[in-house]
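Asker: Questions regarding the structure given below will be posed in turn.
Read-outs throughout are calculated quantities, based only on the coordinates presented, and are distinct from any laboratory measurement. Note that the structure is predicted; figures quoted are calculated from it, not measured. Using ideal geometry, Cβ is built from the backbone for each residue, glycine included, and neighbour counts are taken over all protein chains shown.
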Amino acid sequence: MEALLQTILHLLALPHYGLSTIFVVSFVSATLLPLGSEPAVLGLIQINPTQYWPVIFVATLGNTLGGAVDWWTGYGANRMTRHDAPDSAHSRALAWLVKLGPKACLLAWLPLVGDPLCTLAGWLKLPFWPCVAYMLIGKFLRYVVMTAAFFGGLQWLS
């Protein structure tokens with residue numbers, strides 16, 4: 001088992017800590033834990049610009065899978081808790097989310113609200129695969145726009 005794990009890590013690693021690190025950091029940052037993947041993504045692309053698209057794809061995959069874990073966390077919490085009537089502000093927010101449906105998960109990339117949004121999508125039992133698809137689109141676009149803005153801004157400053 002250890003040999004298999006070493007082989008997988010070797011296949012994922014670029015120089016020494018590359019894509020495997022990006023995957024783990026992106027995955028963890030998409031959960032409710034306070035961690036950002038942006039510095040790791042930007043740093044690896046800065047070190048090795050030829051790996052731009054692999055870094056973007058691996059970060060998107062890790063971040064989307066982390067969002068899926070959030071969805072399942074919300075789904076599980078819904079099944080294990082008692083449901084009291086929410087106050088009016090919560091009712092309006094939940095009604096808005098239900099009205100948008102899985103499309104709300106396009107906003108999963110937003111700081112502070114994106115991860116809880118994925119959890120609420122699970123809590124509300126919004127369809128899993130459409131939610132994941134919208135998470136993937138939003139997170140991919142975030143990484144592309146973020147890196148383009150950062151590196152374009154660096155070129156402009158030079």
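Asker: Can you tell me the FRET efficiency between Ala148 and Trp96 if r is taken as the Cβ-Cβ distance and R0 is 35 Å, rounded to the nearest 0.05?
Answerer: 0.70
Asker: Given the options Ala59, Gly74, Val28, identify the residue whose Cα lies farthest towards the positive end of the charge dipole of the chain (+1 on Cβ of Lys, Arg; -1 on Cβ of Asp, Glu).
Answerer: Value computed over the given set: Gly74.
Asker: Distance in nm between label sites at Leu141 and Leu112, each 7 Å beyond Cα in the beta-carbon direction?
Answerer: Spacing of the two 7 Å Cα→Cβ label points: 2.2 nm.
Asker: Find the relative contact order for the range 100-158 and round it to a whole percent, using C-alpha pairs within less than 8 Å whose residues are 6+ positions apart.
Answerer: 39 percent
Asker: I would also like to ask the following. Under the rule of -39500 (n - 2.57) per DSSP H run of 4 or more residues, summed and divided by the residues of the chain, what mean residue ellipticity at 222 nm is obtained, to the nearest 500 deg cm²/dmol?
Answerer: It comes out at -24000 deg cm²/dmol, rounded to the nearest 500.
Asker: Hey, another quick one. Would you please put 91-98, 138-145, 116-123 in order of how densely packed they are, using the mean number of other Cβ atoms within 10 angstrom per residue and starting with the highest?
Answerer: Highest mean packing first, the order is 116-123, 138-145, 91-98.
Asker: I need to check one value: relative contact order of the chain, counting alpha carbon pairs closer than 8 Å and at least 6 residues apart, in percent.
Answerer: Averaging sequence separation for qualifying contacts and normalising by length gives 23 percent for the chain.
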